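What follows is a set of notes on a single structure, which appears directly below.
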Amino acid sequence: MISKYKDYLEKKLVSAGIKRKVYRSMKELKASGAVHIGAVLFEDEKFQKDGSKKMYTLENGTKVKRIKKLTRKTQMTVIIGDYSEEKCEAIFSEFLKGIGAGIDDGNGNYVEINILKSYWVDEKDSILKSKIAVQILIEFIGGVYVDVPFVKINEIEITGTEIGT
């Protein structure tokens, strides 16, 4: 899922105005020396027991009970940097406008997206070459699921003795 989240955020950065390569590691970002930058970095992941259940129909028509074993909270940091405060602010604003409330995880499950906070960093306080940069902490809340198929009644065989004799 992490690569799906990174892909999603990278597309949003490009549509917001990042013109160059979007970096996916701190090592690449530090080595780049670029002033106009965009980056998507993995930050943290936490899990919590859940156990909620939902009836679900798969694409082939099979009915299953989908059990959410764990809630999965994945945090990503997005970095936008530029040579001018105005340009950085404009890209930042467009990026925030482009982030949706959630995405599909590819298996029919909804993953909620929350923008948690941002940090603005001046060129004097940063390792980056940008005059100003903003770091945005974004959280994806999804889950780890197990599907348990329902057994059709005509597939059940009843054996044993008669009741009441």
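Assorted remarks:
- Evaluated against (1) more than 14 Å from Ile138 (Cβ to Cβ); (2) open to solvent by less than 80 Å² (accessible area, probe 1.4 Å); (3) outside any helix (DSSP H, G or I); (4) in contact with a Phe, Trp or Tyr (Cβ under 8 Å, 6 or more places away or on another chain), Ala39 falls short on exactly one condition, (1).
- Residue satisfying all of: in segment 76-98; open to solvent by 20 Å² or more (accessible area, probe 1.4 Å) and aliphatic (A, V, I, L, M); nearest to the chain's Cα centre (by Cα) among these: Leu96
For (1) free of Cβ contacts under 8 Å to residues at least 12 places away in the same chain; (2) among the aliphatic types (A, V, I, L, M); (3) closer than 18 Å to Gly108 by Cα, each residue gets a yes or a no:
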{"position": "Lys4", "(1), (2), (3)": "no, no, yes"}
{"position": "Lys11", "(1), (2), (3)": "yes, no, no"}
{"position": "Ile37", "(1), (2), (3)": "no, yes, no"}
{"position": "Glu45", "(1), (2), (3)": "no, no, no"}
{"position": "Gln48", "(1), (2), (3)": "no, no, no"}
{"position": "Leu58", "(1), (2), (3)": "no, yes, yes"}
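- Whenever a residue of segment 77-97 is among the polar types (S, T, N, Q), its partners that are open to solvent by less than 60 Å² (accessible area, probe 1.4 Å) and in a helix (DSSP H, G or I), lying with C-beta atoms within less than 9 angstrom and at least six residues away or across chains, give the pairs Ser93/Ala16.
- Residue selected from segment 1-36 under the condition open to solvent by 60 Å² or more (accessible area, probe 1.4 Å) and basic (Lys, Arg), by the criterion nearest to Gly100 (Cα to Cα): Lys11
Residue by residue, here is whether (1) among the charged types (D, E, K, R); (2) modelled with pLDDT of 95 or more; (3) out of contact with any Leu (no Cβ under 9 Å at 6 or more places or on another chain) holds:
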| residue | (1), (2), (3) |
| --- | --- |
| Val35 | no, no, no |
| Glu45 | yes, yes, yes |
| Lys54 | yes, no, yes |
| Ser93 | no, yes, yes |
| Leu116 | no, yes, no |
| Asp122 | yes, no, yes |
| Lys131 | yes, no, yes |
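- Boolean, Glu59 is over 30 Å from Pro149 (Cα atoms) and open to solvent by 30 Å² or more (accessible area, probe 1.4 Å): no
The values are calculated or read from the model by the stated rules, or taken from the named source; none is laboratory data. Because the structure is predicted, anything quoted here is derived from the model rather than measured. When we count neighbours, we look across all protein chains shown, and the Cβ atoms used for this are built from the backbone with ideal geometry, even at glycine. Note: accessible area is taken over every heavy atom of the protein model, side chains too, but ligands, DNA and RNA are not part of it. Shrake-Rupley method; radii C 1.70, N 1.55, O 1.52, S 1.80 Å.
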